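Asker: Starting off with a structure, shown below.
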Amino acid sequence: MANVLIDTLLADKPRDKVIVELADGAQLTYHQFAAATARAANALVSLGVQPGDRVAAQVDKSIGALVLYLATIRAGAAFLPLNTAYTPAEIEYFIGDAEPALFVCRPQSESALRPLAAAAGARLHTLDADGRGGSWGELAQAGAAEFDAAARGDDDLAAILYTSGTTGRSKGAMLSHRNLASNALTLAQYWQFSAEDVLLHALPIFHTHGLFVAINTVLVAGASMIYLPRFEARELIALMPRASVLMGVPTFYTRLLDEPALNAEVARNMRLFVSGSAPLLVETHRAFEARTGHAILERYGMTETCMNTSNPYDGERRAGTVGFALPDVEVRVSEPESGAQLPHGEVGMLEVRGPNVFKGYWRMPDKTRAELREDGFFITGDLAQIDERGYVIIVGRGKDLIISGGYNVYPKEVEIQVDAVPGVLESAVVGVPHPDFGEGVVAVVVPEPDAQIDETSVIEHLSERLARYKQPKRVFFVDALPRNAMGKVQKNLLRDEYKDACAR
Ligand code: MCA
Ligand code: AMP
């Protein structure tokens, strides 16, 4: 049997074609990359990693991190990438839940994470920021450059990505070989990728967008990428003449527009700008087109489903919409409670079905059942409408979720931590307009009588418990939270009252 994802992404690539280039000009070919993943897969096996095991990684973006991802797949294990912003307290939950055989972390986190790894039964190794050093970096380069990929079929697990939930407890979305392979093939074709393409890769590689949408699509097409450790608008503009595609979150585009150097001339070699992970404002779409001559292609997806819809490559890219269902994906809008399909034009719950839809949540069969209908449609939690021409418009969220700079923040998770701050009686967390991140996290706190707390002390208290991007940008104190007759906090009133809290 074959290894579905490896065969899809890496088979039959021209030996000397460049797969990845760093900003300093260093390059790696497809052949060198395949050899590196073989060496690393041998190292995984030597550490006892077996097909079906999990390999977790909280590491900086480097070629070594990319090698670890594909070596894990070659060895038949499931890759579990973790945001570098997560604190040890957050990591403890993920590795305790996923029980990886191996956890690779940054050298500077080793002492904090070693006891957590031991408690979860995971071996711990380190990889440094340049992707070569650290105990894993050394092991990964020592083995033989040949490796027969472990046999893995369509339904075998390729990755687990944690997404937070409305209850405040994160869920591990289980993605199969078929989920990832089918989406990569579909996107490469739909967005007309070819071996000539050079992707500007400035996204983090621990979430679906940067890891699967960007990297898998490039690999399927035999294309190349310029691989940057982080997003920096001026650097991207300087590199644009050498590239053909950019994928980014809306904050990338607003920050690019803030740079006077962005113009049609620097973008002359580019053929495609893709946006996703959060809503792209119509005004950003228009301003970008006016400045560069390029209509940004907006698409829509989720961790649980990879990509679902996309504006067309040829044809009108309608601002404010996320386009059509991808060729092998079905979408429908339903009445949220009953699941009955609604006619075109009506607003309801967006549901999706296709080879992209995940297997379920890791060790959470009840949550899986609650979000998948019997006929296989996944309930996205996004409220949408399909217009007369079939374009899907996301009009809101049926879930209490904030998307800040493309990162999801579930208010409940933040509220649990704010409520635990000494002196806090209760709290409500909402998202308000933010000029850079789209939405910013704001906490409204009811202090206990005579409590000695202020904005700084609340945020300080959260710093060891929550990733920086989840921490409130502002904290406000009130005597009581507004509640409706049922006792439910009226977050719409808070969003309205604090709408200017993050204004420039
Ligand atoms: C950084 N900060 C943030 C964020 N990023 N705060 C809120 N939201 C954020 N997204 C904090 C920093 O810790 C810092 O705090 C302060 O804000 C300023 O940071 P700055 O240097 O400006 O940030 P940056 O390093 O330039 O990062 C901004 C960014 C980054 C480039 C927009 O957040 C990013 O790469 N976002 C992409 C997220 C992504 O890949 N999402 C895809 C998820 P202080 O200075 O106070 O310490 S996958 C997905 O959603 C689905 C499947 C899909 O459809 O794609
Ligand atoms: P995540 O759970 O991190 O995968 O985030 C998925 C969520 O991001 C979706 O359920 C949407 O709410 C949101 N999302 C992704 N792409 C878009 C988009 N183009 N427009 C609006 N929302 C989006």
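Asker: For segment 88-153, what's the relative contact order in percent, using C-alpha pairs closer than 8 Å and at least 6 residues apart?
Answerer: 26 percent
Asker: Now a separate question. Set the Förster radius R0 to 60 Å, insert the Cβ-Cβ distance between Asp479 and Ser338 as r into 1/(1 + (r/R0)^6), and round the FRET efficiency to 0.05.
Answerer: Numbers: r = 40 Å, r/R0 = 0.67.
Here the calculated transfer efficiency is 0.90.
Asker: Ranked highest first by average number of other Cβ atoms within 10 Å, how do 222-231, 359-368 line up?
Answerer: With the highest mean Cβ count within 10 Å placed first, the list reads 222-231, 359-368.
Asker: For the chain, what's the relative contact order in percent, using C-alpha pairs closer than 8 Å and at least 6 residues apart?
Answerer: 12 percent
Asker: Let me have the relative contact order for segment 196-335, percent, based on Cα pairs under 8 Å that are six or more residues apart.
Answerer: 19 percent.
Asker: Moving on. So how do Asp60, Asp197, Asp375 line up by other beta-carbon neighbours within 10 Å, fewest first?
Answerer: Result, fewest neighbours first: Asp375, Asp60, Asp197.
Asker: Quick check on segment 153-230: of the DSSP beta bridges with both residues there, what percent are antiparallel, nearest 5%?
Answerer: Percent antiparallel among DSSP bridges in segment 153-230 is about 60.
Asker: A follow-up question, please. Could you tell me which of the pairs Lys367/Lys470; Lys171/Lys412; Lys171/Lys399; Lys367/Lys488; Lys399/Lys488 are separated by over 18 angstrom between their Cα atoms in the structure shown?
Answerer: Lys367/Lys470; Lys367/Lys488
Asker: Taking the Cα centre as origin and putting +1 on Lys and Arg beta-carbons and -1 on Asp and Glu beta-carbons, what dipole magnitude results for segment 288-446, to the nearest 20 debye?
Answerer: Magnitude of the dipole: close to 320 debye.
Asker: Once the piece of chain linking Arg504 and Glu146 is laid out straight, how much longer is it, given 0.36 nm per residue of separation minus the C-alpha distance between them?
Answerer: 123.4 nm
Asker: Please list the helices of the chain that count as membrane-span-like by this rule: a mean Kyte-Doolittle hydropathy of at least 0.0 together with Cα atoms stretching 27 Å or more along the helix axis, each helix being a complete DSSP H run.
Answerer: On the way: long enough: none.
Result, helices passing both filters: zero.
Asker: Ok, one more. Output the Kirkwood hydrodynamic radius of the chain, Cα pairs only, in Å rounded to one decimal.
Answerer: The Cα-based Kirkwood calculation yields 23.6 Å.
Asker: Ranked highest first by average number of other Cβ atoms within 10 Å, how do 88-101, 452-465, 124-137 line up?
Answerer: Packing order, densest peptide first, comes out as 124-137, 88-101, 452-465.
Asker: Using the Karplus curve 6.51 cos²θ - 1.76 cosθ + 1.60 with θ = phi - 60°, what ³J(HN,Hα) values do you get for each residue of segment 348-363, in whole Hz, with x for Gly and Pro?
Answerer: After applying 6.51 cos²θ - 1.76 cosθ + 1.60, I find x, 7, 7, 10, 9, 9, x, x, 7, 6, 4, 7, x, 8, 3, 6 Hz.
Asker: Next up: For segment 356-410 and segment 4-66, write down the distance between their C-alpha centroids in whole Å.
Answerer: With segment 356-410 and segment 4-66 each reduced to a Cα centre, they are spaced 31 Å.
Asker: Then there's this: Using helices alone, what [θ] at 222 nm do you get for the chain, with -39,500 (n - 2.57) per DSSP H run of 4 or more residues, divided over all residues and rounded to the nearest 500?
Answerer: -8000 deg cm²/dmol
Asker: FRET efficiency for Gln27 and Glu289, Cβ-Cβ distance as r, R0 = 35 Å, nearest 0.05?
Answerer: On the way: r = 33 Å, r/R0 = 0.94.
In this case the efficiency is close to 0.60.
Asker: State the antiparallel share, in %, of DSSP beta bridges confined to the chain, rounding to the nearest 5.
Answerer: Approximately 60 percent, going by the DSSP bridge assignments.
Asker: How far apart, in nm, are the 7 Å Cα→Cβ label points at Glu99 and Ser46?
Answerer: My value for the distance between the label points is 2.8 nm.
Asker: In nm, what is the difference between 0.36 nm times the number of residues separating Leu425 and Glu346 and their Cα-Cα distance? Walk me through the numbers on the way to the answer.
Answerer: Details: separation 79, 0.36 × 79 = 28.44 nm, distance 4.09 nm.
So the extension gain works out to 24.4 nm.
Asker: Only bridges with both residues in segment 15-137 count here: give the DSSP antiparallel percent, nearest 5.
Answerer: Counting only bridges with both partners in segment 15-137, antiparallel ones make up about 20 percent.
Asker: Give, in nm to one decimal, the length gained when the segment between Glu265 and Lys412 is fully stretched (0.36 nm per residue of separation minus the Cα-Cα distance).
Answerer: Between Glu265 and Lys412, full extension yields 48.3 nm more.
Asker: Could you calculate the FRET efficiency of Glu110 with Ala85 from 1/(1 + (r/R0)^6), where r is the beta carbon distance between them and R0 is 25 Å, rounded to 0.05?
Answerer: 0.90
FYI, it's all coordinate maths here, none of it is from the lab. Small disclaimer: the values here were computed from a predicted structure and weren't measured. Don't worry about glycine lacking a Cβ; one is built from the backbone with ideal geometry, like all the others, and counts go over all protein chains shown.
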